[in-house]
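Heads up: the structure comes next, in structure tokens.
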Amino acid sequence: MKILVLNCGSSSIKYKLYDMADESVLAQGGVERIGLDEAFIKVTLGNGEKKQIMADLPTHKEGVALVFKVLLDPEIGALKSVDEIDAVGHRIVQGGDLFEKSCLVTPEVEKGIESLIDLAPVHNAGHLRGLRAVDELMPTVPQVVVFDNAFHSTMPDYAYLYAIPYELYQKYHVRRYGFHGTSHRYVSQRVAEILGRDINDMKIITCHIGNGASVAAIKNGKVVDTSMGLTPLAGLMMGSRSGDIDASAVTYLMEKLDKKPQEMADFLNKESGMLGITGISSDMREIEAAEKAGNERAVLGMKMYSYRIKKYIGAYAAAMGGVDAIVWTAGVGENQIGLRMTAVEGLEFLGIKMDAERNNCRGVEKIISADDSKVKVVLVPTDEEIVIARDTRDLVEKS
């Protein structure tokens with residue numbers, strides 16, 4: 001079975017084509033700047049090289065059509081016919097409390113995703129455009145949607161509810177949902193395999209640390225809490241997102257800066273976090289270089305960043321009554337060697353003992369704690385696309 005995985009944003013489409021016989025990646029790439037000037041597709045070739053092709057892409061339909069065209073290209077493609085694609089799997093950021101697991105796409109499912117656009121206006125609208133583009137171009141091919149927050153649907157009500165009038169949850173579905181669910185799901189299952197343990201008898205803290213970042217507490221295979229909330233803004237300090245902030249500070253700043261609600265949301269999502277504190281960048285590589293050069297605000301930013309991760313690790317160990325494994329994943333978590341050390345420094349009382357030599361690595365599966373560490377600290381590169389591909393295969397085979 002060959003499965004195409006799509007992750008459609010407001011102006012982009014990332015794709016991977018899998019042969020599920022051995023889960024090998026046949027092709028991958030991304031379309032950028034849909035609806036804008038100078039749109040293009042970037043294709044990763046078999047030798048690792050990247051080829052960029054400019055195109056006129058007014059809508060997602062043309063973007064998806066370009067993906068198919070590249071897949072069929074005799075020189076850089078991987079297919080002889082689009083009929084070889086057995087199913088398409090999509091990442092959907094927000095499933096609200098309507099969707100607690102992956103499902104086959106039906107008109108009712110599309111309506112459900114559309115009804116949740118207010119909770120994730122940029123993401124869900126883009127996902128829908130991708131779904132409908134495939135509908136038009138390949139109407140007989142089954143599609144599956146995998147929801148970013150579905151893995152977190154096991155949280156108990158006392159963890160996901162906000163302390164506001166209960167009627168607002170009932171009427172407007174205001175609650176903690178959490179995101180990066182496919183990543184937290186993949187790495188928690190994988191770390192159990194690496195350690196030779198049963199995930200249903202483990203307490204795991206997964207740290208998905210990228211430009212967007214979240215932590216999840218997973219007890220006996222089920223999420224009991226996670227740091228992101230109604231939207232991806234909550235929780236950790238991120239590249240350009242503020243993370244947790246006093247709601248009164250938000251209204252105070254709205255008055256002082258004369259910002260309307262959407263302007264304030266953009267400010268907290270796009271101008272805050274590490275970018276706002278350091279004044280340098282939202283890219284951790286640039287901030288790390290500035291920190292090493294002695295830039296005071298870069299030093300401050302890194303201290304704030306690691307401190308907040310440490311607080312969540314401690315809180316989730318308390319919530320679960322202990323922890324067996326801590327997992328680092330995503331772009332920053334997989335590559336920032338120093339961060340992984342400082343974020344657990346001082347947590348030795350929990351049974352964490354790091355091995356600096358083992359930790360001196362990037363982007364590989366590896367246990368980076370000491371042999372005698374009670375809590376195993378493990379680096380696990382994430383693979384969200386294979387989770388989507390597997391769910392797509394399973395649902396199509398059952399249908």
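The values are calculated or read from the model by the stated rules, or taken from the named source; none is laboratory data. Source: prediction; values computed, not measured. All Cβ positions, glycine included, derive from the backbone under ideal geometry; neighbour counts span all protein chains shown. These accessible areas exclude ligands, DNA and RNA; they are computed on the full protein's heavy atoms, side chains included. Shrake-Rupley method; radii C 1.70, N 1.55, O 1.52, S 1.80 Å.
Scanning segment 26-45 for residues that are free of Cβ contacts under 8 Å to residues at least 40 places away in the same chain, open to solvent by 30 Å² or more (accessible area, probe 1.4 Å) and of a type outside the set (Ser, Thr, Tyr) yields GLN28, GLU32, ARG33, GLY35, LEU36, ASP37, GLU38, PHE40, LYS42, LEU45.
Of all residues in segment 277-297 being open to solvent by less than 40 Å² (accessible area, probe 1.4 Å) and in a helix (DSSP H, G or I), which is farthest from GLY239 (Cα to Cα)? Going through the qualifying residues, I end up with ALA290.
Exactly one residue out of TYR162, TYR177 is among the hydroxyl-bearing types (Ser, Thr, Tyr) and surrounded by fewer than 19 Cβ atoms within 10 Å (Cβ to Cβ): that is TYR162. Among the residues of segment 353-369, those identified as in contact with a helix residue (DSSP H, G or I) (Cβ under 8 Å, 6 or more places away or on another chain) and among the hydrophobic types (A, V, I, L, M, F, W, C) are MET354, ALA356, CYS361, ILE367, ILE368. Quick check on GLY346: is it more than 22 Å from PRO381 (Cα to Cα), modelled with pLDDT of 95 or more and in contact with a Ser or Thr (Cβ under 8 Å, 6 or more places away or on another chain)? Answer is no for this residue. Within the option set GLY48, GLY96, GLY130, being at negative phi and either in contact with a strand residue (DSSP E or B) (Cβ under 7 Å, 6 or more places away or on another chain) or outside the structural domain of ILE204 (by the TED database) (or both) holds for one residue only, GLY130. You will find that of ALA27, ALA39, the residue that is among the aliphatic types (A, V, I, L, M), in contact with an Asp or Glu (Cβ under 7 Å, 6 or more places away or on another chain) and assigned by the TED database to the domain that holds HIS127 is ALA39 and no other. Of all residues in segment 45-56, those that are polar (S, T, N, Q) and at pLDDT below 90 total 1. Taken over segment 46-91, the criterion of being among the aliphatic types (A, V, I, L, M) and surrounded by fewer than 13 Cβ atoms within 10 Å (Cβ to Cβ) is satisfied by MET54 alone. Quick check on segment 245-271: of everything there that is more than 19 Å from HIS123 (Cβ to Cβ) and of a type in the set (S, T, N, Q), which residue is surrounded by the most Cβ atoms within 10 Å (Cβ to Cβ)? Restricting to residues being more than 19 Å from HIS123 (Cβ to Cβ) and of a type in the set (S, T, N, Q), the top hit is THR251.
Return the only residue of MET302, MET264 being within 28 Å of ASP383 (Cβ to Cβ) and either free of Cβ contacts under 8 Å to residues at least 60 places away in the same chain or not charged (D, E, K, R) (or both).
Exactly one residue qualifies, and that residue is MET302.
Selection of segment 42-51 for residues being out of contact with any Asp or Glu (no Cβ under 9 Å at 6 or more places or on another chain) and of a type outside the set (A, V, I, L, M) yields THR44, GLY46, ASN47, GLY48, GLU49, LYS50, LYS51. Do the conditions hold for GLU100, that is, is it acidic (Asp, Glu) and either at pLDDT 95 or above or open to solvent by 30 Å² or more (accessible area, probe 1.4 Å) (or both)? So GLU100 fits the description; yes. For segment 112-156, a tally of residues being of a type outside the set (S, T, N, Q), more than 14 Å from LEU230 (Cα to Cα) and part of a helix (DSSP H, G or I) returns 18. If the condition is being in contact (Cβ under 8 Å) with a residue 24 or more places away in the chain, assigned to a helix (DSSP H, G or I) and open to solvent by 20 Å² or more (accessible area, probe 1.4 Å), then segment 316-347 contributes ALA319, GLY331, GLU334, ASN335, ILE337, GLY338, THR342. Residue-level analysis places THR382 outside the set of residues that are open to solvent by less than 10 Å² (accessible area, probe 1.4 Å), over 22 Å from TYR307 (Cα atoms) and not in a strand (DSSP E or B).
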